[in-house]
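Engineer: Dropping a structure here in structure tokens format, bear with me for questions.
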Amino acid sequence: MPDPELEAAEWIVRLNDSRPSAQTHAAFERWRAASPSNAMAFGIAQRAWGQMGQLAENPGTLARHSIPSTTIASRPMASLRRLWALPSAITACAALALMIGFAWVGDPVTYLRADHRTGISQNGSFTLDDGSHVDLAPSSAIAVHFDSQERRIELLAGTAYVRATPKVQAGGRPFVVEAGRGTSTALGTRFQVERRAGDTIVTVMHHQVAVSGDTGSGMGKSLILSPGQKLRYDANGHIGRVETASPDLALAWQNGQLVFDRAPLSEVMATLNRYRAGRIVLLGGRLRSHRVSGVFDSNDIDGAITALAGEVGASRLDAPLLTALY
């Protein structure tokens, strides 16, 4: 699923080039008009760039797309001065991503909606009113919606491992986890739901879970998962094939391990971002789609980044609250 924030960062870099072509400007306008999320993301990126002092001093070709900002800093922070000697594209991305890193330590809307949440690199365990238990991985959040008809929780971000109180002990009310455009209804007790880069992964540890996708057409697919099985559905509610799963590997995060099996690098970095302050950004579609495998220590995210950069042949740029691979 496209990430408007990262795409906006790339457009900042491309438009900051000394001579972007007319085709580049036209492509940008098509991208910005394609979605309100794109326009909003570029507005935030534009203001962040301006706040770093660069736009005020040298607006270049970005001026024609500028969104006015009333808070333009007079100069960049002293700690970043050495970055300005780097090539302009990398410098622009570094300054932009750094500013976003300071401003964005989590989606504020998610945090306002959440009844239970965890911070960066922090696991959490919560007991719900019906006696069910939910373990949350770092940077995860749930909203609880219990009523007389059902017990529903909404996974707003991250990963939730659920040990649901059986239906017969909860007045016949089903236990449902909503995540993105799909739901997982417990027909047993233990399962995990993970939101990863726009997709949702459901893994069953004990008994069964009914997974349904909402495609918006009223013809969504439903499947029942048994222990040791998993599936993925996308941001549009389309359910993929059932696969064999290792519950121990799925829950490895509880023991400080992060396990990836031929996962797109964009997904891997999205997960690593939940375990460290600041932001890891990937520049270029080639890196995002590159598939990687490995087991990493969640207490050594910097080591994981180094290993992954070496595996995919990427260069690395570090700044406060920012690591960029390109």
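The values are calculated or read from the model by the stated rules, or taken from the named source; none is laboratory data. What you see is a predicted model; the values in this text were computed from it and never measured. Ideal geometry is used to build each Cβ from the backbone, glycine not excepted, and the neighbour counts take in all protein chains shown.
Engineer: Taking region 277-296, which residues are surrounded by fewer than 18 Cβ atoms within 10 Å (Cβ to Cβ), over 16 Å from Arg14 (Cα atoms) and modelled with pLDDT under 85?
Structural biologist: Correct list: Ala277, Arg286.
Engineer: May I pose another question? Would you confirm, using the coordinates I've provided, whether Gly180 is at pLDDT below 95, crowded, with 17+ Cβ neighbours inside 10 Å and of a type outside the set (S, T, N, Q)?
Structural biologist: Yes, satisfied.
Engineer: Of everything in region 141-162, what is crowded, with 20+ Cβ neighbours inside 10 Å and under 26 Å from Ala270 (Cα atoms)? Give them in sequence order.
Structural biologist: Scanning region 141-162 gives Ala141, Ile142, Ile153, Leu155, Leu156, Ala157, Gly158, Thr159, Ala160, Tyr161, Val162.
Engineer: Scan Ser315, Ser293 and give me the residue that is over 22 Å from Gln254 (Cβ atoms), among the small types (Gly, Ala, Ser) and without any contact (Cβ under 8 Å) to a residue 60 or more places away in the chain.
Structural biologist: Of Ser315, Ser293, the one residue that is over 22 Å from Gln254 (Cβ atoms), among the small types (Gly, Ala, Ser) and without any contact (Cβ under 8 Å) to a residue 60 or more places away in the chain is Ser315.
Engineer: Which numbered condition in (1) β-branched (Val, Ile, Thr); (2) under 24 Å from the mean Cα position of the chain (by Cα); (3) assigned to a strand (DSSP E or B) is the only one that Thr215 fails?
Structural biologist: Result: Thr215 fails condition (3) only.
Engineer: Could you list, in sequence order, the residues of region 285-306 that are outside any helix (DSSP H, G or I) and touching a strand residue (DSSP E or B) at 6+ places or on another chain (Cβ under 9 Å)?
Structural biologist: Hits for region 285-306 are His290, Arg291, Val292, Ser293, Gly294, Val295, Phe296, Asp297, Ser298.
Engineer: Only one of Gly188, Gly237 is crowded, with 16+ Cβ neighbours inside 10 Å, touching a Lys or Arg at 6+ places or on another chain (Cβ under 6 Å) and either not aromatic (Phe, Trp, Tyr) or not assigned by TED's automatic domain parsing to the domain that holds Thr271 (or both). Can you tell me which?
Structural biologist: After ruling out the rest, the residue left standing is Gly237.
Engineer: Would you point out which residue out of Thr185, Thr215, Thr189 is over 26 Å from Met269 (Cα atoms) and touching a Pro at 6+ places or on another chain (Cβ under 6 Å)?
Structural biologist: Testing whether each residue is over 26 Å from Met269 (Cα atoms) and touching a Pro at 6+ places or on another chain (Cβ under 6 Å) leaves just Thr185.
Engineer: Oh, and also: Can you confirm whether Met219 is touching a helix residue (DSSP H, G or I) at 6+ places or on another chain (Cβ under 6 Å) and farther than 15 Å from Ile142 by Cα?
Structural biologist: No.
Engineer: Also, I was wondering about something else. Return a yes/no flag: does region 190-200 have any residue that is small (Gly, Ala, Ser) and touching a residue at least 60 places away in the same chain (Cβ under 8 Å).
Structural biologist: Yes, region 190-200 contains at least one residue that is small (Gly, Ala, Ser) and touching a residue at least 60 places away in the same chain (Cβ under 8 Å).
Engineer: For region 109-140, which residues satisfy the criterion of being crowded, with 19+ Cβ neighbours inside 10 Å, touching a residue at least 60 places away in the same chain (Cβ under 8 Å) and more than 15 Å from Arg190 (Cα to Cα)?
Structural biologist: Matches in region 109-140: Ala137, Pro138, Ser139, Ser140.
Engineer: Collect the residues in region 218-256 that are part of a helix (DSSP H, G or I) and not aliphatic (A, V, I, L, M), keeping them in residue-number order.
Structural biologist: Pro247, Asp248, Trp253, Gln254, Asn255
Engineer: So, of the residues in region 198-210 that are within 22 Å of the chain's Cα centre (by Cα) and surrounded by 17 or more Cβ atoms within 10 Å (Cβ to Cβ), which turns out to be nearest to Val281 (Cα to Cα)?
Structural biologist: Asp199
Engineer: Can you tell me which of Ala309, Ala304 is touching a Phe, Trp or Tyr at 6+ places or on another chain (Cβ under 7 Å), of a type outside the set (Val, Ile, Thr) and modelled with pLDDT of 90 or more?
Structural biologist: Selected residue: Ala304, the only one of Ala309, Ala304 that is touching a Phe, Trp or Tyr at 6+ places or on another chain (Cβ under 7 Å), of a type outside the set (Val, Ile, Thr) and modelled with pLDDT of 90 or more.
Engineer: Report, by residue number, each residue of region 137-161 that is under 26 Å from Ser298 (Cβ atoms), part of a strand (DSSP E or B) and in contact with a Lys or Arg (Cβ under 7 Å, 6 or more places away or on another chain).
Structural biologist: Within region 137-161, Ala141, Ala143, Leu155, Leu156, Ala157 qualify.
Engineer: Before we move on, is Val268 in contact (Cβ under 8 Å) with a residue 40 or more places away in the chain and either in a strand (DSSP E or B) or out of contact with any Asp or Glu (no Cβ under 9 Å at 6 or more places or on another chain) (or both)?
Structural biologist: yes
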